[in-house]
Amino acid sequence: MDGFKAYRYYLAIKLHFTTDRFNVFQNRGSVRGTREAFNARNDRYIFEKLASKRQDDKEIIQFFVSNFAYGNDQAIYAGQEAEDNYLQWQKRKQSMTKIFVDDLATLITHIELNKLKPTAIFQFTENEYPVALKLFVGGKIAIETLNIIDDMTGMLDDWITHPSVRYIWEDEMRRIKKLTGFVKYDKIKIGKIFQHFKEEIAE
């Protein structure tokens, strides 16, 4: 691992999370960043420092992914914030099932306390945002949870077509969607949990 390689990983992950046209899995991480362009950067020493600290390719990729996923587009300059995001990402990866279950419980509690219909969780109702979206924006449920639900339901396709979401929360919608492939979970186990959740709110 060297600074130039870290720089190319950074470019690929940044393009993936901040543009619609680039998908790091489909493009196999291929970017146009050249060594000449890298050497011309005033901040190249930062990439050299990151490369020396994280020799493993997967680790530095996960470092960039965690920060773009959590909305920190300036990971290379953020210092402790970037490290905190990476640590949180690692912890969530290790307890994804528990986080998913806890977030579903948070959704149920919210609609019960506010006497809302179950449809309010994922659908727009009377010009109100879906509960899941509001709780995510408020930091009450994890972005990984929404990515998993979207993976199973295609929920974001409906959200994105809503004008206010498209113009106000476009970046957030993209981040959720672009996590697909990076969020690893037990599809059978999580699928059963989500099915139970749907049955519970339908009662």
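Each value in this text was obtained by applying a stated rule to the coordinates, not by laboratory testing. Only a predicted model underlies this, so the values are computations on that prediction, with no experimental measurement involved. Cβ placement follows ideal geometry from the backbone for every residue including glycine, while neighbour counts extend to all protein chains displayed.
Annotations for the structure displayed:
- The gain in end-to-end length when the Thr34 to Lys184 segment is fully stretched comes to 50.8 nm, 0.36 nm per residue minus the alpha carbon separation.
- Inter-label distance, Thr19 to Tyr45: 3.0 nm, where each label sits 7 Å from its Cα along the C-beta direction.
- Crossing angle, helix 3-18 versus the chain [Cα axis fit, 0-90 degrees, rounded to tens]: 30
- Per-residue ellipticity at 222 nm, computed for the chain from helices alone with -39500 (n - 2.57) per DSSP H run of at least four residues, works out to -20000 deg cm²/dmol.
- Of the residues Pro118, Pro130, Pro163, the one that moves most in a GNM of the chain with alpha-carbon contacts below 10 Å is Pro163.
- Residue-wise HN-Hα couplings along the range 167-180, as the Karplus relation 6.51 cos²θ - 1.76 cosθ + 1.60 with θ = phi - 60° gives them from phi, are 8, 9, 10, 4, 5, 5, 4, 5, 4, 4, 5, 6, 6, 4 Hz; Gly and Pro carry x.
- Using a Förster distance of 25 Å, the FRET efficiency for Thr153-Gln26 (Cβ separation, nearest 0.05): 0.65
- With a threshold of 22 Å on the Cα-Cα distance, the over-threshold entries among Lys14/Lys178; Lys14/Lys49; Lys14/Lys187 are Lys14/Lys187.
- Cα gyration tensor, the range 3-89 - rounded (a/c under 1.5), prolate or oblate: oblate
- Most mobile of Gln88, Gln26, Gln74 in a GNM of the chain (Cα contacts under 10 Å): Gln26
- Near Gln74: Cβ cut-off under 12 Å, other residues only, Lys/Arg at +1 and Asp/Glu at -1. The net charge is -2.
- In loop segments of the range 99-203 as defined by DSSP, the trypsin sites (Lys or Arg not before Pro) with at most 15 further C-beta atoms inside 10 Å of their C-beta are Lys115, Lys140, Lys184.
- Three-way shape call for the range 95-202 based on the alpha-carbon gyration tensor, with the a/c threshold at 1.5: oblate
- Between Ala142, Ala82, Ala51, the Gaussian network model of the chain with springs among Cα atoms under 10 angstrom shows the greatest mean-square fluctuation at Ala51.
- Near Leu113: Cβ cut-off under 14 Å, other residues only, Lys/Arg at +1 and Asp/Glu at -1. The net charge is +3.
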